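Worksheet for the structure shown next.
Each value in this text was obtained by applying a stated rule to the coordinates, not by laboratory testing. The structure displayed is predicted, hence computed values, not measured ones. A quick note on method: Cβ atoms are made from the backbone with ideal geometry, for glycine too, and the neighbour counts reach across all protein chains shown.
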C-alpha cells in the first residue's frame, strides 16, 4: 500500500516533464549562481573594490604608493574622473565620487602625510567608504599598508639611506583626484606608516545622520517580493482563460488591450501600495527615512512596480497554464533576485556577476533605491534607472499585447 | 413540449416568413487537417429555441465561436441581422461556469453588466431583474464558490443577458446539474423567448432537447445532416410509429398483424401507427378472451432518431 502511494507520486512526477525538469534544473541553476557569486565568478574575474585616490600629498612617494596599490588584484582603480572643484571638502568630494562614479572606497592621502615623523604620525590616510560594503575598505586598507611598506622600503634602499629621513612634498588640495601626475620630489619613508593606526575608515554617508542599512535590505527584499506578487496577479489572466471567463470578458465590449491595461494598472497599483506599506513599516520600526526621501522613493517604486507588472503579463502571455507560469516565474524571479542583488549583496560579487545584474530588474531597481536612500541623491540622479525600468515596462507590455492576441482569436 | 411562443414557428415553411437573425451559409473552418465545419448551413429566427445536437467534435462549439467572432471562417459567411455592435446583440453562455468564483453574485452581475456597457442608471435595475429572473435574490451576497452547481449555472446565464441581447448562444448550459435546476433554466429561457430573443443551444441532453427546443439541427462532421421539429425529423426518418408490447397470462399461438409473438408465446410486440390501431388490437384480444397483464406503448425517441442519422451515440 505504502509503495503504491509512493509509486503514484513517482509516476505523476515522471509524466509531468516540466515539473520533473524543474525539480532537478532549479537546484542546479541556484547552485551555479551562488557558486559564481561566492567563488571567483563568471569568466574568472575576481570581486574587486572600486577605489579612487585623492592625493593631497602630491609626492612621488604618494604616487608610487597609489601605483603599487592599484596593482593589487583586490583593487580596481577608477580612472578618467578628472578634476573637480578645489573648494570641495574631502567629505563632500568622497560622497560625490561614491554616488556618481560608483566608487566604493575613496582613499585620501593628506598633504604632508609622507613628510611627517613616522615615530609620531599625526596625519592619517582616510578611507571614505559607502557604508554598504563592510569588507571593501578593509581590503583596501590591507593592500595600502602593503604598498606603503613596499614603496618606502624601495625608496630607502634607492636613496642608500637608513629608513627615516625628511621629505619634501608639494601641497595640494582636494582638486587633484586620483591619477594626478605630480612631479614632486621625494625621499625615503618609513614602513611604520603602514601601521593600522595610520588609517581611518569613515562612512561617507553616515557622518551627519542616522542611516540604517535596513533601507538597502528593504529595497532588495521588496523588489523580489514585488516580482513574486506581480506574477501571482498575472496568473489571474491564465486563470480566467482556463475558467472560460476570458472568453466571456472578450465577448463583452472589453477589448484585449483594455483587459491588459486594466490588469497592468491593478498589478502596478498593488505593487506601489505594497512597497509603500513596507517602507512605512520600515520607517515606524526600523528608522528608514521614507518621508525624507519620498520623491525618489515614489519615482523608483512606480518604475519598479510598473516593470514588474509588465514582466508578469509578459510571462502570463508566454505560458499556456498557471502551472507552467508558476514553474517559469519561480526560476526567473529567483535567478534575477540572486544575480540582481536581492538575495546576495552585489559588493561580494565578481565584476562579471555585477555586470550580469544589469540585465535584471533587481539590479536597476536596487541601484535606484540605493541612490535615493543611501546616497541622498536628488530625483535627477535616478533618471537612468527610472528610464530603463520604464523602457522595460513598455517593451514587455507590447510583447505581452502581441502574444495575447492569439487568445482573442482562440 | 415547451409551449411555443407567439413569435416562434415550428416548421421550416412558417419560419421562412420571418427574417432570420442569424444566417449561416456554407461555413467552413479547420484546425490543421481537421475540418471542424464543413459547409454548415442553418438559420436562427427571432423567438426560436434551436437545439444544435451532435457528437463530440461535431463542430458545435466552433460554430458558436465563429458566430461570436472569436474564430474566423475559412469559407462561407455568417450574417447577423442586427444593427450596432456585435457584442451588444449577442449573449454568450460558455460551457464552463465562467464567472468569478471569489466574487458574490451581486458583484459578478454588476461587473459583467458594466463590461457589457449597461448604463450606470439602468444597471441597478437590470441586476435586480436578473437576480429575480434567475431566482438568486436571496443569495445575492453569497460568494459564487459557496453556491450549488445549479445556482452557478443560473448565474452563468444571467451574466450573459444583462445587456438584453437579441441573440443568446448557450453551449451546454445544463451539463452536470440536477433536473430541478435544469427545469428552472428552461423556464428562464422561456421568458427570453417570449420577448423575442433567438436562442441557439448546444446540448447532449436529448430528452431536454426533445421537450424544450422548437427546432433541432443535427450536426455531424461539421455539417447539418437534418433539421426541423422533432415530429418533422421523425416523419422524414424513422417514422412516427409507436412500439407496442403486450404480456399475456397464458401462452398464445398466434397474434394479429403487425404484432409478432415471442418464443415462449407470453409476449407480443410490434410497431403501430398512431392510436387508431390500438383499440382494434385490444378489441381483438377481448373478443378471443385473451387476458393481457401489461400494455406498453413506446414513442420513438430522439436517441433512436440520432442513432439513425449519425450511426453513433451522442457521447461518442
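Descriptive notes on the structure:
- Taken along its three principal axes, the alpha carbon spread of the stretch A:212-408 comes to 52, 34, 29 Å, from the longest extent down to the shortest.
- Ranked by how many other beta carbons lie within 10 Å on average, peptides A:303-316, A:222-235, A:326-339, B:137-150 from highest: A:303-316, A:222-235, A:326-339, B:137-150
- Sequence of A:3, A:14, A:88 once ranked by neighbouring C-beta atoms within 10 Å, starting from the fewest: A:3, A:14, A:88
- Relative to one another, the C-alpha centroids of the stretch A:295-311 and the stretch B:237-307 are positioned 82 Å apart.
- Fraction of alpha-carbon pairs over 33 Å apart in the stretch B:12-236 - percent: 15 percent
- Residue-averaged [θ]222 nm for chain B, counting only DSSP H segments that reach four residues, each worth -39500 (n - 2.57): -9000 deg cm²/dmol
- Shown for B:114, A:248, B:85: other C-beta atoms within 10 Å of each C-beta, ranked fewest to most, produce the order B:85, B:114, A:248.
- Cβ crowding within 10 Å averaged over residues, with A:368-375, B:55-62 ranked highest first: A:368-375, B:55-62
- Residue by residue along B:28-41, Cβ atoms of other protein chains within 10 Å of the local Cβ number 0 on average.
- Once the Cα atoms are used to define both axes, helix B:149-158 deviates from the longest principal axis of chain B by about 60 degrees.
- Shielding by other protein chains, B:92-101, mean Cβ within 10 Å: 5
- Helix B:105-115 vs. chain B, principal-axis angle (Cα, 0 to 90°, nearest 10): 70 degrees
- Chain B: angle of helix B:120-133 to the longest principal axis, Cα-based, in degrees nearest 10: 20 degrees
- Peptide A:12-24 is shielded by partner chain Cβ atoms: per residue, an average of 0 of them sit within 10 Å of its Cβ.
- For the stretch A:344-363 and the stretch B:72-133, distance of Cα centres in Å: 50 Å
- With neighbours defined as other Cβ atoms within 10 Å of a residue's Cβ, the residues A:393, A:352, A:273 order from fewest to most as A:273, A:352, A:393.
- For peptides B:190-201, B:245-256, sequence by mean Cβ density within 10 Å, most packed first: B:190-201, B:245-256
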